[in-house]
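Student: Before anything else, here's the structure in question.
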Amino acid sequence: MITKQKGTNDIYGDAAKKRTYINDILAALCEKYNYGYIETPVFEASELFHRSVGEETDMVQKETYDFKDRGDRSITLRPEGTAPVVRWFVENKLYGNLTDPVKVFYNMKMYRYERPQSGRMREFTQWGFECFGSSDVMSDAEVISLAYNAYRLLGLDDIVVELNSLGDKESRQNYHDALVKYFEPHIHDLCEDCQERFKKNPLRILDCKVDAESSIIKNAPKTLDYLNEESKSRYERLKELLDMMDINYIENTRLVRGLDYYNHTVFEISLNGSYALGGGGRYNGLVETLDGPETPAVGFAMGLDRCLLAMEENGVNIPINDSIDVYILSVSETEKETACYLTQELRLNGFITETDTMNKSLKSQFKSVDRFNSKYLIVLNDEELKTNKITIKDNKTKEEESININDLVDYLDMHM
Ligand code: AMP
């Protein structure tokens, strides 16, 4: 028997319904923010992620699904959405004539070769939002508000935004130098990965999960102390705007996020301070890194699987429709033909309709009515049909009414 791959899931039944519920809410919210939907290919040139995410990041070093296609090209399954969206932005030269920001959202499967555990899969779904063209702090605030409101609309009220600023290039460089100086005498007390990170990107030592509780990391210099005046006032302004929007945030000076491309704002959203539900930030240099002109941008990605877990853990009621509107029962050939016609009519008019397609006895069709929890049932009857009549029964009150077959849609519209 062939089984599913480790870290992947078949999504069906109630789980599928719950995801549809979340997807509908998020899509409607993105529309309110005037974001347009985008979908990029599942596979891309490996170079896209090596250059953007960073050659030395865990994601590129350990987590990507890389393979050679039959044309000997190096291909990578999409591990995150920002780089592909930036590739699309540059490839379509959307940077020219930017009178308004270009704002897009996606709902895409991602692939990372990770050790699977609850909330950590090899195939998972991310919702993401990207906004190109504005360097103004208002656009940082807009993306944070979109992310924040997404969780709140889904019923996760206890969320908090963890916020930090890495500042501009100069500030980030100053901070980098301070970290090198600070970590140098302690580096052998940190884990092996951190020793590597020290050589390649010391900022990422702050992301280390192994050494997270070590006093060496806890006492490391803080980004905010190395911001130049401009970066500092930008950060202060962002906090004012978040206050204006009543967004619940805390400052986390150790938040740097793993990827190389962030500057200024970085943020994560978590629930009661437990695991991260999503994260994002500003990435002004990335368009340039991917061969476009310098273009400011800011974005956020949230894990759908983890969001669903959090909703379940927090007892959020996710409405799942477990009933149908009408079941049409039929036995004879003419009854079956009428059932065919009526189901077509009802489905096109928006009613969830079922009928027997297994040539079952009337008795077992009645059992289906109960299994599907049908609100109404219609037992077709040849004699009645001769006068164009049908009998519709309310399955709850057991009341029934004989109506003209042509009045069925109107009848249901009135009664449901
Ligand atoms: P990242 O792109 O790593 O910043 O991740 C953004 C969000 O995606 C995280 O906060 C998680 O909610 C989700 N996520 C990341 N990796 C995984 C994974 N392996 N499985 C499930 N969700 C993930």
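Student: On a full-extension model of 0.36 nm per residue, what is the gain between K32 and N228, subtracting their alpha-carbon distance, rounded to one decimal in nm?
Tutor: 67.0 nm
Student: Okay, moving on. In Å, what Kirkwood hydrodynamic radius results for the chain from the alpha-carbon pair distances?
Tutor: Kirkwood hydrodynamic radius for the chain: 24.9 Å.
Student: Can you give me the distance in nm between label points at I75 and M414, each placed 7 Å from the Cα along the Cα-to-Cβ direction?
Tutor: With each label point 7 Å from Cα toward Cβ, the separation is 5.9 nm.
Student: If you don't mind, another one. Give the long-range amide H neighbours of H264: residues separated by 5 or more places, or on another chain, with amide H under 5 Å away, using H modelled in the peptide plane at 1.01 Å from N.
Tutor: L166, G167, D168
Student: In the chain, carbon and sulfur make up what percent of the accessible area (probe 1.4 Å)?
Tutor: Looking at the chain in its full context, I get 48 percent from C and S.
Student: Accessible area of K17, 1.4 Å probe, to the nearest 10 Å²?
Tutor: The accessible area comes out at roughly 90 Å².
Student: Quick one: putting +1 on the C-beta of Lys and Arg, -1 on the C-beta of Asp and Glu, what dipole do you get for the chain around its Cα centre, in Debye to the nearest 20?
Tutor: 900
Student: While we're on this one: Using 1/(1 + (r/R0)^6) with R0 = 25 angstrom and r between the beta carbons of D407 and D24, what's the FRET efficiency to the nearest 0.05?
Tutor: 0.20
Student: Before anything else, pin down the relative contact order of the stretch 139-251: Cα pairs under 8 Å, at least 6 apart, normalised by residue count, whole percent.
Tutor: RCO, the stretch 139-251: 41 percent.
Student: For the stretch 297-302, just list the computed ³J(HN,Hα) in residue order, Karplus coefficients 6.51, -1.76 and 1.60, θ = phi - 60°, integers in Hz, with x standing in for Gly and Pro.
Tutor: 7, 8, x, 8, 10, 10
Student: So which GluC sites (Glu not before Pro) in the stretch 25-69 pass both tests, a DSSP loop state and at most 16 other Cβ atoms within 10 Å of the Cβ?
Tutor: Hits after loop and neighbour filter: E39, E55, E56.
Student: May I ask you to evaluate 6.51 cos²θ - 1.76 cosθ + 1.60, the Karplus curve with θ = phi - 60°, for each residue of the stretch 167-175 and list the ³J(HN,Hα) values in order in whole Hz, giving x for glycine and proline?
Tutor: With coefficients 6.51, -1.76 and 1.60, one gets x, 7, 4, 5, 5, 5, 5, 4, 5 Hz.
Student: Also, quick follow-up: If you line up the long axis of helix 304-313 against the longest principal axis of the chain, both from Cα atoms, how many degrees apart are they, to the nearest 10?
Tutor: With both axes taken from Cα atoms, the answer is about 70 degrees.
Student: With a probe of 1.4 Å, find how much accessible area the chain has per residue, and write the answer as a whole number in Å².
Tutor: 52
Student: Select from the stretch 81-154 those GluC sites (Glu not before Pro) which occupy a DSSP coil region and have at most 16 other Cβ atoms within 10 Å, ordered by residue number.
Tutor: Of the GluC sites (Glu not before Pro), the ones in loops of the stretch 81-154 whose Cβ has at most 16 other Cβ atoms within 10 Å are E114.
Student: Can you sort Y376, Y33 by 1.4 Å-probe accessible area, starting with the largest?
Tutor: From most exposed to least exposed: Y33, Y376.
Student: Taking the alpha-carbon set of the stretch 118-234, what are its Rg and Dmax in Å?
Tutor: Computed over the Cα atoms of the stretch 118-234, radius of gyration and Dmax are 17.4, 48 Å.
Student: Apply 1/(1 + (r/R0)^6) to the Cβ-Cβ distance of E114 and D189, taking R0 = 35 Å, and write down the FRET efficiency to the nearest 0.05.
Tutor: About 0.85, to the nearest 0.05.
Student: Could you check the simple spin-label distance between T387 and C340, using points 7 Å along Cα→Cβ, in nm with one decimal?
Tutor: Calculated label separation equals 2.7 nm.
Student: Using modelled amide H (1.01 Å from N, peptide plane; none on Pro or chain starts), what sits under 5 Å from the amide H of Y376, excluding residues fewer than 5 places away?
Tutor: Amide H neighbours of Y376, under 5 Å, 5+ apart: V326, Y327, N395.
Student: By how many nm would the segment from N92 to V316 grow when fully extended, if each residue of separation counts as 0.36 nm and the alpha-carbon distance is taken off?
Tutor: In short, 76.5 nm is gained.
Student: To continue, here is another question. Hey, any idea what Rg/Rh is for the stretch 258-332, computing Rh the Kirkwood way over Cα pairs?
Tutor: 1.34
Student: Then there is this: Using only the Cα atoms of the stretch 30-128, build the gyration tensor, take square roots of its eigenvalues as a ≥ b ≥ c, and label the shape rounded, prolate or oblate: rounded if a/c is under 1.5, else prolate if a/b is larger than b/c, else oblate.
Tutor: The shape class here is oblate.
Student: Could you compute how much accessible surface M121 exposes when probed at 1.4 Å, giving the result in Å² to the nearest 10?
Tutor: Probe radius 1.4 Å; accessible area of M121 about 30 Å².
Student: Using each residue's phi in the stretch 235-252, evaluate 6.51 cos²θ - 1.76 cosθ + 1.60 at θ = phi - 60° and report the 3J(HN,Hα) Karplus result to the nearest Hz, with x for Gly and Pro.
Tutor: Ordered by residue, 3J(HN,Hα) equals 5, 4, 4, 4, 5, 4, 5, 5, 4, 4, 9, 6, 8, 7, 10, 10, 8, 10 Hz.
Student: If each DSSP helix of 4+ residues adds -39,500 (n - 2.57) and the sum is divided by the residues in the chain, what number results at 222 nm, nearest 500 deg cm²/dmol?
Tutor: One gets -11000 deg cm²/dmol as the mean residue ellipticity at 222 nm.
The values are calculated or read from the model by the stated rules, or taken from the named source; none is laboratory data. Just so it is clear, the model here is predicted, and its values are computed rather than measured. Note that we place each Cβ from the backbone using ideal geometry, even for glycine, and neighbour counts take in every protein chain shown. For accessibility, only protein heavy atoms count, side chains too; no ligands or nucleic acids. Shrake-Rupley method; radii C 1.70, N 1.55, O 1.52, S 1.80 Å.
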